[in-house]
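Remarks on the structure that follows.
The values are calculated or read from the model by the stated rules, or taken from the named source; none is laboratory data. Please read these numbers as outputs of a predicted model, since none were measured by experiment. Ideal geometry is used to build each Cβ from the backbone, glycine not excepted, and the neighbour counts take in all protein chains shown.
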Amino acid sequence: MINNRLITNGCSLTNYCWPTWADYLGLFFDYYENVGEAGSDNACMIRRQYNKVKSGDIVVVLWSGWNRHVKWNKKGMPTPKNVNNHWQYNYETWDKNWLVNFYDPMERFVSSMDNIVAIDYQSKVIGYNVYHFSGFPWLLGEIEKYPQEKQQEVYESYRVDNNYLMEQNLEEFRQTNFELVSSTKYNSHDIHPTPLCHFHYMKEVILPKIKEIDHTQMNQKLNNLEKAAKLHQQLVLNGESDFDVTHGYEFI
Amino acid sequence: MTTLWTGGCSYTQYCWPTWADYLGNHYNTHIQCGKSNMDCASISRKIYFSDIKPGDDVVVAWTSFDRFTFYNDKQGWKGGNCTVSNKEFFTNHYHQYERFSAMVDHLYLLEQDSKAREYNLWHFSAFPFLLGETHLDVHDKIQEKFDSIKQQFKNFFVDKNLWDFRETQGTIITKHKYNGNDNHPTPQCHWNWLEQIVAPAMNINLKNLSDKVANDQQRVLNGDVS
């Protein structure tokens with residue numbers, strides 16, 4: 001086990017009603033906390049993280065689509081926190097009036113880059129290691145078909161360490177390897193990555209980048225975890241949800 | 001003294017001298033990063049992407065949190081056009097707590113940047129910090145957030161803002177080639193704010209620029225702007 005604390009952050013691709021890459025990665029650490037939240041835009045994500053991190057922590061962020069802009073309700077708080085209502089929480093992103101009249105791709109993109117660089121700076125000031133991955137094709141997010149003019153140039157102007165945003169994102173990984181539709185009590189047509197997809201994304205994309213992990217000692221644990229992930233996959237395909245990542249793992 | 005970098009909106013860089021220009025007289029080099037119409041995101045980006053050296057002084061007069069910027073090819077992604085007056089935007093897509101939180105994100109980004117790059121950063125505010133340009137009452141969540149974050153900033157002097165200061169001095173409306181009804185603070189107001197608010201906070205002894213300020217003030221009152 002790794003002595004450092006692991007903090008993970010993201011949207012529903014990180015914290016969901018079944019185990020995600022974050023939960024599987026967390027099993028390698030003595031302490032693991034997932035501050036990801038379904039429906040989050042990238043701004044909401046950094047605000048949840050600011051006061052959670054300490055010197056020596058390892059933080060892994062799976063940034064969400066930069067196109068998102070979370071609507072705040074009249075009470076001044078984002079609407080529901082749980083997966084049950086995360087579409088409502090995030091509905092501004094898909095609001096037609098917003099998209100047609102006010103959504104500005106470059107405004108959204110640079111805002112997310114600002115969020116990322118703020119976390120990068122905080123990590124250097126406080127003294128923790130943060131790794132950046134992307135849930136969606138980084139220059140496209142969830143909406144765009146083509147990058148904006150100068151977007152690549154803007155992206156490259158930001159200096160961020162441990163930057164894996166342009167490497168394989170979870171959505172493309174899902175489409176390539178695990179394009180499944182599941183049905184749960186929350187969503188009858190759910191295209192979120194299933195547990196086995198999350199496990200392999202953690203194993204093949206995220207884990208090799210984490211410098212603090214001794215990769216020579218991981219094979220047995222990964223084999224056991226894969227068995228648990230297959231069990232979790234079967235549960236999800238049978239319509240189950242809300243079970244813990246350790247479900248079945250303790251018996252392996 | 002070292003190099004001074006100033007950031008802000010039209011209350012920092014305008015068609016007549018502002019507090020930033022007068023403060024710049026006290027440094028070997030003054031680089032003005034302020035620009036009319038900027039929102040807080042654009043202000044922080046302008047500073048963040050500047051080649052600031054360790055030991056430099058950076059002073060920002062943050063603009064109102066309620067601005068929201070759209071970008072265009074002409075002004076580029078570091079500038080942009082902000083909206084504070086689009087009714088449809090404000091009715092359907094705006095929430096002051098979201099905007100205030102976004103502003104705090106940018107203050108925090110620069111605060112971290114100042115520590116990482118070892119420059120000295122001071123925060124001031126052009127408008128009432130918790131009200132912005134459009135609100136009459138402070139939202140409960142904004143007050144709560146402000147109370148929870150203010151200790152995280154080292155040189156944080158956002159309470160005596162330039163907008164309110166101008167009103168205590170007696171607002172003067174000027175007329176010139178850009179604007180026939182301009183209520184921006186005049187040079188004398190900028191100097192007074194610098195002298196009474198900014199310089200004491202920075203522990204700077206100002207030179208006597210009274211003749212220059214008086215001359216600048218008279219030119220503005222005569223409609224003579226650059």
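Structure values in brief
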quantity	calculated
Filtered residues of segment B:51-78 (kept if modelled with pLDDT under 95, closer than 22 Å to B:A201 by Cβ and either within 13 Å of chain A (Cβ to nearest Cβ) or out of contact with any Asp or Glu (no Cβ under 8 Å at 6 or more places or on another chain) (or both))	B:F65
Within segment B:119-163, tally of residues that are among the polar types (S, T, N, Q), within 14 Å of B:R99 (Cα to Cα) and free of Cβ contacts under 8 Å to residues at least 24 places away in the same chain	1
Those residues of segment A:143-162 which are surrounded by fewer than 17 Cβ atoms within 10 Å (Cβ to Cβ), more than 14 Å from every other protein chain (Cβ to nearest Cβ) and under 20 Å from the mean Cα position of the chain (by Cα), in sequence order	A:I143
Flag for A:T176 being at pLDDT below 85 and part of a helix (DSSP H, G or I)	no
Qualifying positions in segment A:121-139 - surrounded by fewer than 21 Cβ atoms within 10 Å (Cβ to Cβ) and under 17 Å from the mean Cα position of the chain (by Cα)	A:N129, A:Y131, A:P137, A:L139
Answer residue from segment B:166-178, given it is under 20 Å from B:G8 (Cα atoms) and surrounded by fewer than 18 Cβ atoms within 10 Å (Cβ to Cβ) and is nearest to the chain's Cα centre (by Cα) among those	B:E167
Residue that is surrounded by the most Cβ atoms within 10 Å (Cβ to Cβ) [pool: residues in segment A:102-120 that are in contact (Cβ under 8 Å) with a residue 60 or more places away in the chain and aliphatic (A, V, I, L, M)]	A:I119
Tally of residues being in contact with a His (Cβ under 6 Å, 6 or more places away or on another chain), surrounded by 24 or more Cβ atoms within 10 Å (Cβ to Cβ) and part of a helix (DSSP H, G or I) across segment B:6-40	2
Within segment B:115-138, tally of residues that are under 21 Å from B:Y11 (Cβ atoms) and either of a type outside the set (S, T, N, Q) or within 11 Å of another protein chain (Cβ to nearest Cβ) (or both)	15
Failed item in (1) modelled with pLDDT under 95; (2) within 14 Å of another protein chain (Cβ to nearest Cβ), with B:S36 passing the rest	(2)
Residue within segment A:200-211 that is outside any loop (DSSP other than H, G, I, E, B), at pLDDT 95 or above, within 30 Å of A:N163 (Cα to Cα) and touching a Pro at 6+ places or on another chain (Cβ under 9 Å) present	yes
